[in-house]
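Since the structure comes first, as structure tokens, the remarks are kept for the end.
Read-outs throughout are calculated quantities, based only on the coordinates presented, and are distinct from any laboratory measurement. Quick caveat, the model's predicted, so the values are computed rather than measured. Note: ideal-geometry Cβ built from the backbone for every residue, glycine included; neighbour counts use all protein chains shown.
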Amino acid sequence: MSNQRKLPIFVCAFSCEPGRGSEPGVGYSMAEALATLSLQLRHDITLFTRPHTTDAIRRALNESVAGHNLTIHSVKLPLWLVAATKGRGIRIAYIIWQLKAVLAISRLSRKTEGGFVVHHVTFATEALPTFESMLGKRAKIVFGPAGSSQALNVQSSGKLRAFMRNGVRRIIGRINMRDVVLALANNDFAAQSFRRLGSTHTIVEPNIVVPSALAFEALSSRTCEADGYDFICVGQLRDLKRFGMAIDAFSNMQDRSLRMLVVGDGPLRRTLERQAEDAGVGKRIVFAGSVDRAETLSLMASSRVLVHPSRQEGSAWAVGEAQAVCTVPVVVRGSGCEATVRLGGFGIVTDNNVASLRQGMEEALHTQGWPSTRWDGSRLPSLLEEWYEAALSTG
């Protein structure tokens, strides 16, 4: 930084927990990067999160970033709302928590002079209200990485329902983007959306993190090609992931020696198993259920191709994980996964239909992957500093 005073940085992460995936994993990956950044002693960094994960965060950070100077501030929810975080009320809980976090930042920022950075990390969505704009012009707001593709969702919904949902998203999004000086988008579609909502400075950087040590362990433990699978699907077995489309494409392939592994569980498991049986490929598709992340990466590393026909993604973690262990990903155009394929260096993007997906799967069998390090967490501290410098330069 050009000045001598420590730059105050306030980071909001409603979801933040070590050893977890999805939003909690995103929050913790950023926390670890912030702790590393704090070692430079040029920043006064405070992370705001929820109290039930604070102790676990501190323990994990003390092990991974010894001697860090990151301050962790717990923001409590009213007792009557804590239970809501376990179910459908989590969005309401998030909105109230976000307001309380911003009020806490307001109190702390009064003790500082000059500008300060406020970074909104999780939830990673522009479609729910945030309140950072209440902090005034001194606050340089960084938002994200956030956002997901809505292109295929609009195609699959009724016109009136899609119109109403997108209208609400636009209203909330415009309010959220009003005072953001740097918007970080998970994919190209989110970036386009942020610009339409008023963002003047947008960067595409998916919030995917695949630790190199975890990828190396998976690569070291992978089985020989004869023992692995040709295709693997990874994710929750629900409509959004469209694994039924993957089974349809697989069943139409002429080579009857090919095998597929489905990792994950969910309400559609029995339906997908019946679909595989009815298509005559039940004996060549194995449903493994839910496994932990380390084992998932090991299974990916022992497979040749990741089939990921998801209808909507923010940041496609499964795609980034596949790239980290040499497995070639196949994704569908319009899903939001295209940015991960491009930035990670390899993969196949197909049109949104079974025939094109099948062709992409066949092409991927003859495509060579490599252990991409694009998504290693070591990139984050320098990225954070770049983002905060860019935010401050807005004047």
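For the range 245-255, the Karplus equation 6.51 cos²θ - 1.76 cosθ + 1.60, evaluated at θ = phi - 60°, returns couplings of 5, 5, 5, 4, 5, 4, 5, 8, 7, 6, 6 Hz by residue, with Gly and Pro reported as x. Can you tell me the FRET efficiency between T271 and I171 if r is taken as the Cβ-Cβ distance and R0 is 25 Å, rounded to the nearest 0.05? After rounding, the FRET efficiency stands at 0.10.
About the centre of its Cα atoms, the chain shows a dipole size close to 1680 debye [charges on the beta carbon of Lys, Arg (+1) and Asp, Glu (-1) only; nearest 20 debye]. Once the Cβ-Cβ distance of R196 and R238 is raised to the sixth power relative to R0 = 25 Å, the FRET efficiency obtained is 0.30. In plain terms, the chain from V82 to R20 could stretch by 20.4 nm, reckoned as 0.36 nm per residue minus the Cα-Cα distance.
For the range 212-364, a simple Cβ point-charge model (Lys and Arg +1, Asp and Glu -1, everything else neutral) yields a dipole of about 240 debye relative to the Cα centre. Karplus-derived 3J(HN,Hα) values for the range 176-182, using 6.51 cos²θ - 1.76 cosθ + 1.60 with θ = phi - 60°, are 5, 7, 3, 10, 6, 9, 8 Hz; glycine and proline are entered as x. Note on the chain: dipole from Cβ charges, positive end direction compared against V263, F189, L365; the farthest Cα belongs to F189. Among T112, T125, S199, whose Cα lies farthest out toward the positive end of the dipole of the chain, if unit charges sit on the beta carbon of Lys, Arg (+1) and Asp, Glu (-1)? The one lying farthest along the dipole's positive direction is T112. Give me the extension gain from R138 to D351: residue separation times 0.36 nm, minus the current Cα-Cα distance, reported in nm with one decimal. That works out to 72.1 nm of additional length.
Return one number: the angle in degrees, 0 to 90 and rounded to the nearest 10, between the long axis of the Cα atoms of helix 90-109 and the longest principal axis of the Cα atoms of the chain. Roughly 30 degrees between the two axes. The Cα-based radius of gyration of the range 29-128, divided by its Kirkwood radius, gives an Rg/Rh of 0.98. Return the FRET efficiency for the residue pair R379, D278: r is the Cβ-Cβ distance, R0 is 56 Å, and the value is rounded to the nearest 0.05. For R379 and D278, the calculated efficiency is 0.80.
Counting only the backbone N, which residues of the range 326-364 are under 19 Å from the spot 7 Å out from the Cα of F216 toward its beta-carbon? Answer for this model: 326-327. The phi torsions of the range 192-209, fed into the Karplus equation with coefficients 6.51, -1.76 and 1.60 and a -60° offset, translate into couplings of 4, 5, 4, 5, 5, 7, x, 5, 9, 9, 10, 10, 8, 8, x, 7, 6, 9 Hz, rounded to whole numbers, with Gly and Pro shown as x.
Relative to the dominant Cα principal axis of the chain, helix 51-64 is inclined by about 80°. Just to be sure I follow: if Rg is taken over the C-alpha atoms of the chain and Rh is the Kirkwood radius over the same atoms, what is Rg/Rh? Taking Rg over the Kirkwood Rh, I get 0.98.
Note on K86: lysines with a C-alpha under 23 Å away, same-chain residues under 8 apart excluded, are K76, K100, K241. The ranking of R42, R358 from fewest to most other beta carbons within 10 Å of each one's beta carbon is R42, R358.
For the range 212-364, how big is Rg over Rh, using alpha carbon atoms and the Kirkwood form of Rh? Result for the range 212-364 is an Rg/Rh of 0.93.
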